[in-house]
Amino acid sequence: MDFEFTKEEKALQEEVREFMKKESTPEMLKETEDMGDIYGGPEGRKIIRKMAAKGWLTPTWPKEYGGLGLSDVASYMIREEMGYHGLPFGFVAAHMAGPTILRFGSDEMKKKWLPRIASGELEFALGYTEPQAGSDLSALNLRAEDKGDYFILNGNKLFNTSCHIADCHWLACRTDFDVAKHKGVSMMIVDLKSPGITISPLITMAGWQTNEVVYEDVRVPKENLVGEKNKGFYYLMAALDFERMFPLGRYHRVFDELVEYTKETIVDGKTLSKDPLIRQKLAQLSTEIEVTRLLYYQLAHILDKGGIPNYQSSMEKTFATECAQRIVNVGMDILGLYGQIKEGSKWAQLKGKVEKFYRTSIVETIYAGTSEIQRNIIAQRGLGLPR
Amino acid sequence: MDYDLNEEQELLKKAAKGFLSKECKPLFVREMEEDPQGITPELWQKMAELGWMGLIFPEEYGGIGGSYLDLMVLLVEMGYSCLPGPFFSTVILGGMTLMEAGDEEKKQELLGGIAEGKIFVTLALTEATAGYSPERIAVKAEKDADAFVISGTKLFVPDAHLANYIICVARTKEGENKEDGITLFLVDAKSQGVVITPLKTFAGDKLNEVVFNNVKVPKGNIMGELDKGWPIVKKVLQKAAIAKCAEMVGGGQRALELAIEQVTEREQFGVKVGSFQAVQHHCANIVTYLDTSRLMTHQAAWRISEGLPCEREIAMTKAWVTDSCRSLVALAHQAVGGTGFMEEHDLQLYFRRTKAAGVYFGDADFHREALADVMGL
Ligand SMILES: Cc1cc2nc3c(=O)[nH]c(=O)nc-3n(C[C@H](O)[C@H](O)[C@H](O)COP(=O)(O)OP(=O)(O)OC[C@H]3O[C@@H](n4cnc5c(N)ncnc54)[C@H](O)[C@@H]3O)c2cc1C
């Protein structure tokens, strides 16, 4: 047993932290927060391309595709640090689509896309959800007609978040309507500037944007089909497995700032940190953050051993996101009346961060599979209970 | 990072599981709850022959020289089987205190005896004030020529009824600093003035009231230094806390299995109850509590084994495992339904034991408060 990083991993962690502190700009931090941590904005692209040049965006990938051949532990550590230091950390191309292409794509596809993903040049947007297909993705029916050399696409996507700033759509569509639902789905990479695509903003309660996307006779070359036609549901599930891990870094940072706040803030003649109830709550959260850390690196450990995490990904995703919600809820309670005041006012505490993340936190247990879906997976896949 | 047990630990785990499944069946557990001794000499001897009692003692004291992590592996299995008897008190509370503070002669004499299964030692720490902070130590030891005279009452002393020796944590000096002025005495349990009265407890383990009526103890029986006993107690308490966590994790594993067995067999409304989503989500929560408790316990035990700083991890772990394992057994009861409430169903053994384990060596609130200190709050 060993629950610490290796010497090399520790050294890398230091280097990564130094880099992030040095290269972060106020503009990048603001952009990232305003966009809900996704990648693709102009400021984010600057810093991430520098980071990617070091191989840190896709450290586990083979060198020929722009990786470093490092362990998953190292990769998970970098992603944790990105969240903690306010860099974008939601990467569709590098962390969801890329690994799926690496596993299932043709050599040509790998050569064409992976190096540009690894360098940070390209970002994708996740294209799964449709109005009638939320938790049940097998109900998706954006139609792709096979025209020989190309497909023609028609239909609607909902809540496809990065579409307004990403380069390509990582799109799940229906190529066969006459077979069992999950046997007629294909995955494609679509240039988001293709004629016929209309992207309309949907603004969330956290202030950032997701989108509604309409496809009208959009032409997609055959070479953009991922793997085999009609096997897309399988790839989609694999990509979801890559997505289902949640680095707590962003919320961990909020927690650390909250702890400092309680040490500095004097109420009724003593610091908040001496209040027995607050001590209990913060100690509890600190414990849950540690639990999350163990669940998180367990995933990396399983991958490094050559395995594929089973129910453990669902467990980590659920635990981490529910922990995130508890952190900001306790944060709001500790700030009390001040918690309501938004960034910008001289009375705002912690730059209004807590209320901002309090709003964002709601969606963490909804997207990438709701907590209920994750618990179904834990019970059925993990414990073998009947479907 | 490596989350796995090593090969020897896997073997130890398997062997212990095999042995206990034969020698420590649930019926036996129930018998021992009623039995005044709480253990049979036969089982105790077999355990000694397997080397369990000497597992963590160095070879020069008749032990096997295993690590704390090895011990944890064993404790998980003991928790799984609800092993009754004085293993915990003798090996962990007695043995570890001796290892920390015993002089060479005592170690030679007693650790070997423990390893052979011939000597029982326990720790008399808590009192009527029922807590684990130095402020709560009031039993007095007063100097009298070449000896000390102990007077006062210790409460919740495990397995004192079997003990050959009782390590008594006594106050030898009053002062502002409550950590100062505490001394450990190795007391022969047959000394005049020692009165042991068993307590009836809800987990069926053997806790006792131990009254010291002016018990005379030679100066040479001080363990460690006069007045400087608390740091030793603290170290032992930390190891004991994680050892309890290991037991709870083992018990939690069994509770999960009992729940899964029931919900995959029992049918209602024409289907297995395990196909109901409400039940599935209970089960998902159970395994989450269990896995996280296991991970936390492994990490803390690993840090103790490696001699790394671990105050933070110990506090977190005892708090987390205490709350989680309690909740998981309660959820298991909910999933199992009325059958699990019957005395003859094994789940109830775990429900009682987990709560008892939770209050030993500091409950969750106690450890969160300790953690708050570590966090500099
Ligand atoms: C801000 C935001 C950004 C998003 N970004 C993207 C994106 O970039 N790309 C993309 O493809 N999607 C995206 N999504 C969609 C997201 O993945 C879905 O919202 C999510 O999967 C849940 O689907 P739903 O909202 O339709 O809820 P529903 O599926 O309608 O669920 C409603 C409730 O029913 C429960 N429920 C549903 N099915 C079951 C079941 N089988 N068992 C138990 N309970 C069940 C759910 O847990 C939930 O509580 C985003 C969503 C949001 C809100």
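Rounded to the nearest 500, what is the 222 nm mean residue ellipticity of chain B from helices alone, with -39500 (n - 2.57) per DSSP H run of 4+ residues and division by all residues? So the calculated ellipticity at 222 nm is -15500 deg cm²/dmol.
Surface composition of chain A: carbon and sulfur atoms hold 53% of the protein heavy-atom accessible area at a 1.4 Å probe. Dipole magnitude for the range A:1-124: computed about the Cα centre from +1 point charges on Lys and Arg Cβ and -1 point charges on Asp and Glu Cβ, it is near 460 debye. Within 10 Å of the Cβ of each residue in B:366-376, the mean number of Cβ atoms contributed by other protein chains is 5.
Each principal axis of the Cα atoms in chain B has its own extent, and those three values, largest first, are 79, 51, 40 angstrom.
The residues of the range B:7-119 expose, per residue, 42 Å² of accessible area to a 1.4 Å probe. For the segment A:365-377, counting C-beta atoms of other chains within 10 Å of every residue's C-beta and taking the mean gives 2. What separates the Cα centres of the range B:87-104 and the range A:69-98 is a distance of 47 Å.
Membrane-span-like helices in chain B: DSSP H runs reaching 30 Å or more (Cα, own axis), mean Kyte hydropathy at least 0.0?
Going by DSSP H runs, the hits are B:230-265, B:311-336.
Rolling a 1.4 Å probe over the protein heavy atoms gives chain A an accessible area of 42 Å² per residue. Counting only Cβ charges, +1 for Lys and Arg and -1 for Asp and Glu, the dipole size of chain A around its Cα centre is about 100 debye.
Shape class of the range B:184-269 from the alpha-carbon gyration tensor: oblate, with a/c at 1.5 or above and b/c at least as large as a/b.
So for each of B:334-347, A:160-173 I average, over its residues, the number of other beta carbons within 10 Å; can you give me the resulting order with the highest mean first?
A:160-173, B:334-347
Cross-link check: pairs B:K178/B:K234; B:K22/B:K355; B:K22/B:K200 evaluated at a Cα-Cα cut-off of 23 Å; pairs beyond the cut-off: B:K22/B:K355; B:K22/B:K200.
Computed on the range B:269-348, with alpha-carbon pairs under 8 angstrom and 6+ residues apart, the relative contact order is 32 percent. Measuring with a 1.4 angstrom probe and ignoring ligands and nucleic acids, A:D34 comes out at about 70 Å² accessible. In loop segments of the range B:129-203 as defined by DSSP, the GluC sites (Glu not before Pro) with at most 12 further C-beta atoms inside 10 Å of their C-beta are B:E174, B:E176. Ignoring lysines fewer than eight residues from B:K239 along the same chain, the ones with Cα atoms less than 18 angstrom from its Cα are B:K318.
Note on A:E372 and A:E64: the extension gain reaches 106.9 nm, defined as 0.36 nm multiplied by sequence separation minus the Cα-Cα distance. Rolling a 1.4 angstrom probe over the protein heavy atoms with all chains in place gives the range B:245-348 an accessible area of 37 Å² per residue. Across chain B, Cα pairs under 8 Å and at least six residues apart give a relative contact order of 15 percent. Taking the Cα of A:E23, stepping 7 Å toward and past its beta carbon, and measuring to each backbone N in the range A:70-89: which are under 12 Å? Zone members listed by number: A:82, A:87-88.
Carbon and sulfur: what percent of the range B:69-126's accessible surface (1.4 Å probe)? C and S atoms contribute 49 percent here. All other residues whose Cβ lies under 12 angstrom from that of A:Y261 are scored, Lys and Arg at +1 and Asp and Glu at -1, for a net of -1. Our summary gives the range A:7-90 a relative contact order of 34 percent, counting only alpha carbon pairs under 8 angstrom and 6 or more residues apart.
Chains A and B together bury some 4200 Å² of accessible area, summed over both sides, with a 1.4 Å probe. Only helices enter the 222 nm calculation for chain A: every DSSP H run of n ≥ 4 contributes -39,500 (n - 2.57), and dividing by all residues gives -14500 deg cm²/dmol, rounded to 500. Oblate is the label for the range B:122-228. Its Cα gyration tensor axes, ordered a ≥ b ≥ c, give a/c of at least 1.5 and b/c at or above a/b.
With a Förster radius of 22 Å applied to the beta-carbon distance between A:K263 and B:K234, the computed FRET efficiency rounds to 0.30. Counting, for every residue in B:3-11, the Cβ atoms of other protein chains within 10 Å of its Cβ and taking the mean gives 2.
Listed by chain and number, the lysines whose alpha-carbon sits under 18 Å from that of A:K54, ignoring those within fewer than 8 places in the same chain, are A:K10, A:K21, A:K22, A:K46, A:K63. For the range A:244-382, the number of Lys pairs with C-alpha atoms closer than 16 Å, counting only pairs eight or more positions apart or on separate chains, is 5. The alpha-carbon of B:K14 sits under 18 angstrom from the alpha-carbons of these aspartates and glutamates, leaving out residues fewer than 8 places away in its chain: B:D4, B:E23, B:E49, B:D70, B:E77, B:E247, B:E257.
Would you mind counting up the charge near B:A141? Only other residues with Cβ under 11 Å from its Cβ, with Lys and Arg at +1 and Asp and Glu at -1.
Net charge in that neighbourhood comes out at +3.
Within the range A:1-16, the residues that become at least 20 Å² less accessible when every protein chain is included than when their own chain is isolated (1.4 Å probe; DNA, RNA and ligands ignored) are A:M1, A:D2, A:F3, A:E4.
Label-to-label distance, B:E104 versus B:V195, with points set 7 angstrom from Cα along the beta-carbon direction: 4.1 nm.
Remark: the range A:157-166, residue by residue, has Karplus-estimated 3J(HN,Hα) of 10, 10, 6, 9, 5, 7, 3, 6, 10, 7 Hz, where x stands for each Gly or Pro and the curve is 6.51 cos²θ - 1.76 cosθ + 1.60 at θ = phi - 60°.
The values are calculated or read from the model by the stated rules, or taken from the named source; none is laboratory data. No experiment lies behind these values; they were computed from the predicted model shown. Glycine also receives a Cβ, built like all others from the backbone with ideal geometry; neighbour counts cover every protein chain displayed. These area figures cover heavy atoms from the full protein model, side chains too; ligands, DNA and RNA do not enter into them. Shrake-Rupley method; radii C 1.70, N 1.55, O 1.52, S 1.80 Å.
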